[in-house]
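The structure appears right after this line, and notes come after that.
The values are calculated or read from the model by the stated rules, or taken from the named source; none is laboratory data. This structure is a prediction, so every number in the text was calculated from the model and none was measured. Note that we place each Cβ from the backbone using ideal geometry, even for glycine, and neighbour counts take in every protein chain shown. With ligands, DNA and RNA removed, areas are computed over all heavy atoms of the protein, side chains included. Shrake-Rupley method; radii C 1.70, N 1.55, O 1.52, S 1.80 Å.
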Amino acid sequence: MRVVRTPAELTEWTETARRQGRRVGLVPTMGFLHQGHLSLMVACRERADVTAVSIFVNPTQFGPTEDLARYPRDLEGDLEKCRAAKVDTVFAPEAGAMYPPGHRTFVEVTGLQDGLCGGRRPGHFRGVATVVTQLFALARPHVAVFGEKDWQQLQILRRLAVDLHLGVEVVGMPIIREPDGLAMSSRNAYLSPPERTRALALSRGLAAARARWAAGERGAEALREAVRAELGAAEVREDYVALVTPDTLEDLQRADRADARLLVAGFVGKTRLIDNTAIGC
Ligand code: PAF
């Protein structure tokens, strides 16, 4: 496995692979890899001849009061995991290589970036869209794989790839959960044992809403209430609970379609967690 640090090295590696007629896959990550990331690597290897993983804690997607400095990092451990997952190349740049002095260009996916997590974290998706566009420009992947846990991010990146004619297939993979239902996330590392137990309210709430939908409930408010009841019981502070169209993320009053998406964000202590589900899965 090659580890490359500079944008030029990444481009050289992927261009060589392209010239050899190989299909290039990319899995963008911020590191501190868990089973969810590893499932993205497996999915990428199934769809591509060569797989690159980027590990970069992207400063532009963190707000001024957010957790950039304390975001968990473990490059050595991540490289071991990538090796075990048979990744071909890891791209682990310094922030200055992605945003050199004089950098002024940002990418925005208007509308899609504004509500839900974007409404609560202004500028977050501008940072995500910018760094992913940079990674797409450097690696020119045929396919890129992202997790469905960041559902809004996935829809934004799909739109971005189409709108900018980037010729990359954006693939979303299902959320990987702990045996008790907690969606895997690098931020779970912040949770104390009692917080870890309370965090289960997110997945429990989504399951409760799905059960109500299966029993015939279609009203958005009642479905959102099912989530809120679990958050409240576990003293998880709601950031938002929303029922939206799966791709355009528009608010729904009713969940007539099984693929209507129910999304939740909440604070367990200081840690902000997100989760989501199709209402009818
Ligand atoms: O989902 C993430 O880990 C990040 O938002 C991404 C896509 C790697 C961009 O920094």
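Figures for the structure shown
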read-out: Candidates per GluC sites (Glu not before Pro) in segment 88-167, loop by DSSP, up to 16 other Cβ within 10 Å; value: 94, 108
read-out: Computed FRET value (nearest 0.05) for residue 222 with residue 137, which takes r as the C-beta separation and R₀ as 35 Å; value: 0.20
read-out: Sequence of 86, 81 from largest to smallest accessible area, 1.4 Å probe; value: 86, 81
read-out: Distance in nm between pseudo-label sites at residue 267 and residue 15 (7 Å out along the Cβ direction from Cα); value: 4.8
read-out: Residue 110 paired with residue 214, simple spin-label distance in nm, labels 7 Å along Cα-to-beta-carbon; value: 4.3
read-out: Simple spin-label estimate for residue 162 and residue 250 in nanometres, 7 Å along Cα-Cβ; value: 1.4
read-out: Loop-located GluC sites (Glu not before Pro) in segment 10-66, at most 16 other Cβ atoms within 10 Å (DSSP); value: 66
read-out: Contour excess over end-to-end distance, with Cα ends at residue 23 and residue 3 and 0.36 nm allotted per residue; value: 5.3 nm
read-out: Accessible area in square angstrom per residue, the chain, 1.4 angstrom probe; value: 45
read-out: Chain lengthening between residue 73 and residue 95 when straightened (0.36 nm per residue, less Cα-Cα); value: 6.5 nm
read-out: Rounded accessible area of residue 45 (nearest 10 Å², 1.4 Å probe); value: 110
read-out: Residues residue 120 and residue 257, FRET efficiency given R0 of 35 Å [Cβ-Cβ distance, rounded to 0.05]; value: 0.85
read-out: Average projection area in nm² (convex hull over Cα atoms of the chain, one quarter of hull surface); value: 14.6
read-out: Relative contact order computed over the chain (Cα-Cα under 8 Å; 6+ residues apart), in percent; value: 17
